[in-house]
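In what follows, a structure is listed as structure tokens, so that the remarks can point back to it.
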Amino acid sequence: MHPYDHKRVEKKWQKVWTTTKLYRTSDTLPVTSDKCYVLDMFPYPSGDGLHVGHPKGYIATDVYSRLKKMRGHTILHPMGWDAFGLPAENYAIKNKIHPEVAVKKNIKRFKEQLGLLGFNYDWEREINTTDPAYYKWTQWMFLQMFHIGLAFQSNEPINWCPSCKTGLANEDLEDGACERCGSVVEKKAIPQWVLRITDYADRLLLGLDTLDWPEYIKESQRNWIGRSEGAEIKFKVKSLKLKVEEEIKVFTTRADTLFGATYLVVAPEHPILKKLEALSSNFEEVKGYQNQTRQKTEIERTAEGKEKTGVELKGIKAINPANKEEIPVWVAEYVLADYGTGAIMAVPAHDERDFQFAKKYKLRVREVVARNIGEYTQYLEQQTIAREMDLSKLVSVYEIPPFTGTGQAMWSGQFDGLSSEEAKKKITEFVGGKTLTKYKLRDWVFSRQRYWGEPIPLIHCPKCGVVPVPEKDLPVKLPKVESYEPTGTGESPLAKIDKWVNVKCPKCSGPAKRETNTMPQWAGSCWYYIAYCLRENLKSQKPNSKQFSNLNSQKSKRILKKWLPVDMYVGGAEHATRHLIYARFWHKFLFDIGVVETEEPFQKLQNVGLILASDGRKMSKRFGNVVNPDEIVERFGADSLRVYEMFMGPFNQAVAWNSDSLVGSRRFLERVWKLRERAVKRGAPELSITLSALMHQTIKKVGDDIEGFRFNTAISSLMILLNAFEGEQLISTNTYETLVTLVSPFAPHLSEELWEHLGHKKSIYKESWPTYDERIALSAPITITVQVSGKTRGSFSTTRGKSKEEVKEMALALPAVEKWVTGKVIKTVIVVPDRLINIVVL
RNA sequence: GGGCACGUGGCGGAAUUGGUAUACGCGUACGGCUCAGAACCGUAUCCCGUAAGGGUUGAGAGUUCGAGUCUCUCCGUGCCCACCA
């Protein structure tokens, strides 16, 4: 037999797989088969091509789906391209190529590279988010949102990246900077299309409980959504000069501390400040403060040692509705304008931030929640005396840190003694506040002032207002232009293309203008897993057509019902609070309008751990530490690369690349190959009980481990089995075939070649996974460890199922054990069946 | 500051979930094959000790017949969120 020549083998089988359409998935499911939809987060095709880190997740889904297929599932495993967005456009501008050309080129390169690795993708279902046939439906979905008011126009100031020259969503920020380019983000007020994702906040939260996702991803989504239940309470404003009717609404989660509110704080951007201007005696100062904050970036406002700043709004007081006390009103940037009501009641005794602020500006601190029973008892004793004293006696020193926990209410009139929970309800009721729920999650700013995105399919008519583009006119194609660089004015580059912008109003036929903003990068990835399902559907209608069938049709719904939800979704953890929230929101909307029948898009999720460079840093062109998969495939073969990446360490953990270790995987495959020489149809002795037991244990372990994404231990158990087989002079072909089958998900080319050598005509991909026989797996002799008082003193071999007495007898018969036991009193004997005996002596 | 992980040989890591710690692989050493090298094959490889034996999972304590695994304190590392009232 030939030596293992990976180049010949891999080329050969990749060709065969393509010509025989081995990996094509039909929408016609056999009735007896369970579907299994295995999905990779589709890549953004960058100009740099793949490095060895990229395919790790793809290898995993490939191995996983091959196992599923061999276990009788009908699998759907597609791939496509997320090609709209800033990176593509910035790359294009830098290299002076039109994004469309760049994307085409990059996709071609990516596809070639992926092709070298022997994946079982059904390429007939390939999709590309920049394909007008695709984004026609992205636009269609946007229009459905528009119709029911889920997409709305806003003029609120939004995050603006001065370098990318576009507005951004909250999710696009990292530490107050643009996630893409790192520039510090500013606030800018420009007309925006916004999606009301906050309407779905509760469902996004509740749905998490039904998902089989890593706990920390679910937890970060919970934090991102940031639900908090609280109360809205009104404070009347009193002017020293005039009689006024103004009031300030605050939001609090701790209404129980209302008696401890010693001042109010209003965000500098709060609209009420305009109304209060006339009443204030120091409004110039307040204006100065407002200007100061306006000029600061998000980073400056939140960083700089967290020193809080603010100014008092003099000339007015607010009245605490609980005790009618007059308290000062401050303007400070530590209160955020866009959360809650943009104003808070400050309770320095029970809030860290209020405390810091009060300390700096020497504001009063009043404790109204007892830390413990002792403190409460003490309060009761002092109460009578204290009541007759001035309230200022109750002001604490600033050295005692604030108590932010819950406890019994004190200094709170008739609410004294109530638990914080009860006090919240009762005090809210008492002051006529209303309970409500707020979220940290913000609505999704959906407009980008850039060229390379899906045009938003709306038309602005001076007579009719905003008019949706009629469905029959979709897609609104992105016009081909010479110059697509961002303008920086807050207008999209599309605005300059008169021919494209000026249209007839679909309603009144009068002159009108197109919306020139485009959709964000994330739009296309919100439904691509749906698009894969519908790909073949339309192909069968019109061969080679690039159209997708009507998403709203009965036929589409039938097919989606068949495939959704995605059973296994694999990708990087960096999408935890971006793509994974957006897509869940989008999917829930599609559920509401009846396109899909499941509430959630992705049932199971696994996170890929990064492959770092050998220097421990991220692989990046910038650091010059990138390893190119093409070279590894050339030298060692795709199968070796696949085995190595799965063997490196736990799948979801970051591991540094080590080219030296790779030879271990290569050796493993060579030895599997060479073992063929010892495999004979007739004349091999029967496998020993120990070996056949090991084989069946391995069958179980490899299957279980792949299902659980523990690829590293699956491979190590295959190595153990191989080592054991290598100790034999001859093995039967059947035994060898089992080994080859177990290896095949990891090394499909090699296995396919060996399978053919063994005389099979059918692809190994179509074989079934070996059956595990528990009786055989448990039939091998076992070793029982003998401990004396917890110290291991020996071991003996026996069969399973021995009774406690039998085990004890055998253990005591061992000379090594006898030595430690004679002359001692046996206190107890602990037996772990089939594993261990511990003889405890005095 | 908050939340979540985690800490095992020279290195990547395993440990049936409380039951023989260091599986599997890399590396290293010696030997074989070779004119020589690469590749390959074999043997060895946590520490102390000739041995019997003893010690060892970041440090210390606790629970237990028994702890890498559970609890507490400390030290260290990584990731995520970060003025959300």
If I ask for residues that are in a loop (DSSP other than H, G, I, E, B), farther than 24 Å from A:Ser154 by Cβ and acidic (Asp, Glu), which ones from the range A:444-498 would you list?
A:Glu482, A:Glu485
Restricting the range A:252-276 to residues that are closer than 15 Å to A:Asn320 by Cα, polar (S, T, N, Q) and not in a strand (DSSP E or B), the one nearest to RNA strand B (Cβ to nearest atom) turns out to be A:Thr257
Of the numbered conditions (1) away from RNA strand B (no atom under 12 Å from the Cβ); (2) surrounded by 17 or more Cβ atoms within 10 Å (Cβ to Cβ); (3) in contact (Cβ under 8 Å) with a residue 24 or more places away in the chain, A:Ile784 fails exactly one; give the number of that condition.
(1)
For the range A:303-351, name all the residues that are touching a strand residue (DSSP E or B) at 6+ places or on another chain (Cβ under 6 Å) and acidic (Asp, Glu).
A:Glu312, A:Glu326
Residues in the range A:650-660 that are surrounded by 15 or more Cβ atoms within 10 Å (Cβ to Cβ), touching a residue at least 60 places away in the same chain (Cβ under 8 Å) and under 25 Å from A:Leu721 (Cβ atoms) total 1
So, A:Lys287, is that one outside any loop (DSSP other than H, G, I, E, B), over 28 Å from A:Ile197 (Cα atoms), away from RNA strand B (no atom under 16 Å from the Cβ) and without any contact (Cβ under 8 Å) to a residue 12 or more places away in the chain or not?
yes
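Matching residues to (1) touching a Ser or Thr at 6+ places or on another chain (Cβ under 6 Å); (2) surrounded by fewer than 21 Cβ atoms within 10 Å (Cβ to Cβ):
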| position | (1), (2) |
| --- | --- |
| A:Ala409 | no, no |
| A:Gln449 | yes, no |
| A:Lys463 | no, yes |
| A:Lys477 | no, yes |
| A:Gly490 | no, yes |
Pick out, from the range A:41-149, the helices (runs of 4 or more DSSP H) lying fully within it that include 2 or more residues that are under 30 Å from A:Asn625 (Cβ atoms).
A:55-70, A:86-95, A:99-115
Scan the range A:655-665 residue by residue and report those that are in a loop (DSSP other than H, G, I, E, B) and either β-branched (Val, Ile, Thr) or more than 7 Å from RNA strand B (Cβ to nearest atom) (or both).
A:Trp657, A:Ser659
Given (1) within 16 Å of RNA strand B (Cβ to nearest atom); (2) within 30 Å of A:Val265 (Cα to Cα), identify the lone condition not met by A:Leu204.
(2)
Apart from one, (1) crowded, with 20+ Cβ neighbours inside 10 Å; (2) touching a Gly at 6+ places or on another chain (Cβ under 9 Å); (3) not in a helix (DSSP H, G or I) all hold for A:Val596; the odd one out is (2)
I need the full set of residues from the range A:311-341 which are hydrophobic (A, V, I, L, M, F, W, C) and in a strand (DSSP E or B), in order please.
A:Val311, A:Ile316, A:Ala318, A:Ile319, A:Ile327, A:Val329, A:Trp330, A:Val331, A:Ala332
Confirm whether A:Leu742 is modelled with pLDDT of 95 or more, within 12 Å of RNA strand B (Cβ to nearest atom) and under 40 Å from the mean Cα position of the chain (by Cα).
no
Looking at (1) more than 9 Å from RNA strand B (Cβ to nearest atom); (2) in contact with a Pro (Cβ under 7 Å, 6 or more places away or on another chain); (3) not β-branched (Val, Ile, Thr), which is the one condition that is false for A:Asn712?
(1)
Do we have A:Trp81 as of a type in the set (Phe, Trp, Tyr) and surrounded by 21 or more Cβ atoms within 10 Å (Cβ to Cβ) here?
yes
For the range A:719-737: of the residues being touching a Phe, Trp or Tyr at 6+ places or on another chain (Cβ under 8 Å) and near RNA strand B (Cβ under 9 Å from one of its atoms), which is farthest from A:Val608 (Cα to Cα)?
A:Leu722
Identify the single condition in (1) more than 21 Å from A:Glu707 (Cα to Cα); (2) out of contact with any Lys or Arg (no Cβ under 9 Å at 6 or more places or on another chain) that A:Lys604 does not satisfy, given that it satisfies every other one.
(1)
Per the list (1) in a helix (DSSP H, G or I); (2) of a type outside the set (D, E, K, R); (3) near RNA strand B (Cβ under 8 Å from one of its atoms), residue check on A:Met345 breaks on (1)
Looking at A:Lys249, A:Lys243, can you tell me which residue is away from RNA strand B (no atom under 15 Å from the Cβ) and among the basic types (Lys, Arg)?
A:Lys243
For the subset of the range A:165-201 comprising residues that are modelled with pLDDT of 85 or more, farther than 15 Å from A:Arg442 by Cβ and not β-branched (Val, Ile, Thr), which member is surrounded by the fewest Cβ atoms within 10 Å (Cβ to Cβ)?
A:Pro191
I need a count of the residues in the range A:762-779 that are surrounded by 18 or more Cβ atoms within 10 Å (Cβ to Cβ) and either within 15 Å of RNA strand B (Cβ to nearest atom) or not β-branched (Val, Ile, Thr) (or both).
5
Residue selected from the range A:793-805 under the condition polar (S, T, N, Q) and loosely packed, with under 12 Cβ neighbours inside 10 Å, by the criterion nearest to RNA strand B (Cβ to nearest atom)
A:Ser797
Among the residues of the range A:557-578, how many are in a helix (DSSP H, G or I) and either touching a strand residue (DSSP E or B) at 6+ places or on another chain (Cβ under 8 Å) or away from RNA strand B (no atom under 14 Å from the Cβ) (or both)?
8
So which residues in the range A:183-221 are more than 23 Å from A:Tyr339 (Cβ to Cβ) and in a strand (DSSP E or B), if there are any at all?
A:Asp212
Of the residues in the range A:150-182, those that are within 16 Å of RNA strand B (Cβ to nearest atom) and either part of a helix (DSSP H, G or I) or at positive phi (or both) number 6
Odd one out for A:Ser688 among (1) under 14 Å from A:Asn723 (Cα atoms); (2) more than 9 Å from RNA strand B (Cβ to nearest atom):
(1)
Any pair with Cβ under 8 angstrom, 6 or more apart, that starts in the range A:222-233 at a residue that is at pLDDT below 90 and ends at one that is charged (D, E, K, R) and more than 8 Å from RNA strand B (Cβ to nearest atom):
A:Arg227/A:Asp202
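Conditions tested, residue by residue: (1) of a type in the set (A, V, I, L, M, F, W, C); (2) surrounded by 16 or more Cβ atoms within 10 Å (Cβ to Cβ); (3) over 30 Å from A:Arg203 (Cβ atoms).
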position	(1), (2), (3)
A:Lys604	no, yes, no
A:Val608	yes, yes, no
A:Leu612	yes, yes, yes
A:Ala638	yes, yes, yes
A:Glu645	no, yes, yes
A:Leu662	yes, yes, yes
A:Lys674	no, no, yes
A:Thr690	no, no, yes
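The values are calculated or read from the model by the stated rules, or taken from the named source; none is laboratory data. The shown structure was predicted, so the numbers you read here are calculated from the model rather than taken from an experiment. Counting neighbours? That spans all protein chains shown, and the Cβs are built from the backbone with ideal geometry, glycine included.
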